[in-house]
Amino acid sequence: MFETLALLIFAHALADYPVQATWIATTKSHRAPHPSGYPWYQSLAAHSVIHGGFVGIITGSLWLGIAETALHFLIDYLKSDGAFGTGPRSVNIDQALHISCKLIWVAILAIQ
């Protein structure tokens, strides 16, 4: 289970930083202005599906991949809404919630 958790955390870091295109990072917030007119929900959905895809592939579970997609979307939506404050505090809470999801997925796999 430790190996699975390590892979999930690695994939999360990969998807949240180098894999996340600048245009996704700048258009996924429903609060930020989008001069291009690109719909925020498509950017956020694409970002969330990438995370869910990594979880599904690593765990071998379509349902955990779907759960990750939904929760990643919700957490990032709340972050852009200011629910976690601003600045480093917001980023730290956001990341802690995402890593908590990975711990939950590993716990679910452990009891199956």
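The values are calculated or read from the model by the stated rules, or taken from the named source; none is laboratory data. Bear in mind the structure is a predicted one, so any value in this text is a computation, not a measurement. Positions of Cβ are backbone-derived with ideal geometry, glycine not excepted, and every protein chain shown enters the neighbour counts.
Can PHE54 be described as closer than 18 Å to ALA13 by Cβ, assigned to a helix (DSSP H, G or I) and not aliphatic (A, V, I, L, M)? Criteria met by PHE54.
Just one of the listed residues (SER36, SER29) is assigned to a loop (DSSP other than H, G, I, E, B), of a type in the set (Ser, Thr, Tyr) and either at pLDDT 95 or above or more than 15 Å from the chain's Cα centre (by Cα) (or both), namely SER36.
Look at the range 42-57: where a residue is of a type in the set (Ser, Thr, Tyr) and a partner is buried (at least 21 other Cβ atoms within 10 Å of the Cβ) and not in a helix (DSSP H, G or I), sitting 6+ places away or on another chain with Cβ atoms under 6 Å, you get SER43/LYS28. Filter the range 58-109 for residues that are of a type in the set (D, E, K, R), surrounded by fewer than 12 Cβ atoms within 10 Å (Cβ to Cβ) and either in contact (Cβ under 8 Å) with a residue 40 or more places away in the chain or not in a helix (DSSP H, G or I) (or both) and give the result. ASP81, the sole residue that qualifies. Among the residues here, VAL49 does not qualify as in contact with a helix residue (DSSP H, G or I) (Cβ under 7 Å, 6 or more places away or on another chain), surrounded by 14 or more Cβ atoms within 10 Å (Cβ to Cβ) and not in a helix (DSSP H, G or I). If the condition is being part of a loop (DSSP other than H, G, I, E, B) and β-branched (Val, Ile, Thr), then the range 1-26 contributes only VAL19.
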